[in-house]
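These notes concern the structure reproduced below.
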């Protein structure tokens, strides 16, 4: 291990859900052989791959579990390839964040996401409910939700722009 913190792996192992780690040890696919590693080895690999990220995760109690799992899985799965690119949801960068009004931020994200959804699904994206209200079909709604989250992450990580409603906001 590249670091001197002998407690970092146990601390990260403690906060990671067991069922999540089990999916990395025993892949869901019936054709994939189980990895010949244990949870401690998997967590140690992630710490070795991105020490600063691991430190941020164990020291910041305000992180969303979904963000931790998203990054963890991508750090671990990218261990074999330096070309695998992803945008981490948890930043170890200490640059100042730019906060914008939450309603404006959501409107911006929704508008971009809706345009992408319309391009992908065209007229096929709506279902007409019995009460006469149009609603996105399930696959269009799933696409919208995924893209919204992806675009929000890009705005946060690439442009360092955040909603003024973020849980991790630091008052100035």
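Tell me, in nm to one decimal, what length is gained between residue 39 and residue 135 on full extension, where the rule is 0.36 nm per residue of separation less the Cα-Cα distance?
Details: separation 96, 0.36 × 96 = 34.56 nm, distance 4.24 nm.
Difference between extended and current length: 30.3 nm.
Given a Förster distance of 22 angstrom, what is the FRET efficiency for residue 26 paired with residue 77, based on the Cβ-Cβ distance and rounded to 0.05?
On the way: r = 15 Å, r/R0 = 0.69.
Given R0 = 22 Å and the Cβ-Cβ separation, E is 0.90.
By counting other Cβ atoms within 10 Å of each Cβ, how are 123, 56 ranked from fewest to most?
Numbers: 123 6, 56 18.
Ranking 123, 56 by Cβ neighbours within 10 Å, fewest first, gives 123, 56.
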Added length on full extension, which subtracts the Cα-Cα distance from 0.36 nm per residue, residue 153 to residue 106 | 15.7 nm
What ranking do 15, 75, 112, 158 get, fewest neighbouring Cβ atoms within 10 angstrom at the top?
-> 158, 15, 112, 75
What is the gain in length, in nm to one decimal, between residue 160 and residue 69 on full extension, counting 0.36 nm per residue of separation less the C-alpha to C-alpha distance?
-> 30.6 nm
Kindly rank 63-74, 129-140 from highest to lowest mean number of other beta carbons found within 10 Å of each residue.
-> 63-74, 129-140
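Each reported figure results from applying straightforward, stated rules to the coordinates on display, with no laboratory input. No experiment lies behind these values; they were computed from the predicted model shown. All Cβ positions, even for glycine, are placed from backbone atoms using ideal geometry, and neighbour counts span all protein chains on display.
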